[in-house]
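Asker: Below you'll find the structure I mean.
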Amino acid sequence: MKRDIKKKYKIEFHVHTKFSADSFLGKYLLFLMCKFKKINCIAITDHNEIEGALKFKNFFEKHNINIIVGEEIFTKDGEIIGLFLKNKIFPNLSAEETVSQIKSQNGVVYIPHPYDEKRYKTVINPEALNRIYKNVDLIECHNGRNIKKEFSVKQNQIANKYNLIKVVGSDAHTFYEIGRNYCITSEVVTKNNIKEMINKSNFKMKKSIKFAHFNTRVVRLLKLIKGGKWNELSRIINKRLKRNR
């Protein structure tokens, strides 16, 4: 149901930058896109890293765009996002340990893409979600990189099952994905009011740009080559060749 929100404050959650292994999105291009799309706040949630969010924060906020420092953390049970973090949380912990570390920083626990057949390795394990859901603050009911409408339907169903507050996540890795999927609230979102504001927000949702997935695969390969990570590059290529046989 559409809510009547007179003052529109646009928040784009789940954004990646060049500090993620699969993105080249830099500070100035991200800033220009936020201005062009009239985004008031972004949650930068790089993979296993908060460095980009911290480095971008002062510049963006000088120009009236708020930054939520976040991190998309790869756990033994799939990915979990922490928002309003002060310190980096290391990957490969259990879901419970990761949630505990987010909460120890007085952060917000956010579940990205709780269902996605194409990215099943990063989706949180259903059993793990069943164990931690009481400590989850927000969960995506739509991810901007869903390649099928059914994924959003399933994500929404999972949110309903646990009666969790729904949020739209951009999952933008490229400049052309900015300003397509975001939340609209009536006032500035803070750590203290985020659950209340998002629960009353409107959502702007668009389907995935398919080319964006190809783009991030290429970026990841280029970064592996630049970093001289030949073993990992070889593993990815061999896996791809086996899949195409």
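Asker: Name the shape class, rounded, prolate or oblate, that the alpha-carbon gyration tensor gives for the range 29-131, where a ≥ b ≥ c are the square roots of its eigenvalues, rounded holds for a/c under 1.5, and otherwise prolate holds if a/b is larger than b/c and oblate otherwise.
Answerer: prolate
Asker: How high is the relative contact order of the range 88-243? Use alpha-carbon pairs under 8 Å, at least six apart in sequence, and give a whole percent.
Answerer: Relative contact order, the range 88-243: 17 percent.
Asker: Name the residue, out of Ile67, Ile225, Ile184, whose mean-square fluctuation peaks in a Gaussian network model built on the chain with Cα pairs under 10 Å.
Answerer: Ile225
Asker: Once you wrap a convex hull around the alpha carbon atoms of the range 134-240, what is its projected area averaged over all directions, in nm²? Each step should come with its number before you reach the end.
Answerer: Numbers: hull surface 36.9 nm².
Across all orientations, the range 134-240 yields a mean hull projection of 9.2 nm².
Asker: Here's something else I'd like to know. Rounded, prolate or oblate: which one fits the chain, using the alpha carbon gyration tensor with axes a ≥ b ≥ c (rounded when a/c is under 1.5, else prolate when a/b beats b/c, else oblate)?
Answerer: rounded
Asker: At R0 = 25 Å, how high is the FRET efficiency between Leu221 and Lys88 if r is their beta carbon distance? Nearest 0.05 is fine.
Answerer: 0.50
Asker: Still on this model: Hey, what's the chain come to in accessible area per residue, 1.4 Å probe, Å²?
Answerer: With all protein chains present, the chain gives 53 Å² per residue.
Asker: Over 28 Å between C-alpha atoms is what I'm after, so list which of Lys37/Lys166; Lys57/Lys204; Lys88/Lys154; Lys37/Lys134 land there.
Answerer: Lys88/Lys154; Lys37/Lys134
Asker: What does the helix-only formula give at 222 nm for the chain: each DSSP H stretch with n ≥ 4 adding -39500 (n - 2.57), the total divided by the residues, and the result rounded to the nearest 500 deg cm²/dmol?
Answerer: Calculated mean residue ellipticity at 222 nm is -11500 deg cm²/dmol.
Asker: Let me ask something else. State the Cα centre-to-centre distance between the range 179-219 and the range 85-148 in whole Å.
Answerer: Cα centroid of the range 179-219 versus Cα centroid of the range 85-148: 16 Å apart.
Asker: How many nm is it between the label spots at Lys148 and Leu29, if each spot is 7 Å from the Cα in line with the beta carbon?
Answerer: Between Lys148 and Leu29, the label points sit 3.1 nm apart.
The values are calculated or read from the model by the stated rules, or taken from the named source; none is laboratory data. Note that the coordinates shown come from a computational prediction; the quantities given were computed from them, not determined experimentally. FYI the Cβ positions are ideal-geometry reconstructions off the backbone, even for glycines, and counts take in every protein chain you see. Calculation scope for accessible area: heavy atoms of the full protein, side chains included, ligands and nucleic acids excluded. Shrake-Rupley method; radii C 1.70, N 1.55, O 1.52, S 1.80 Å.
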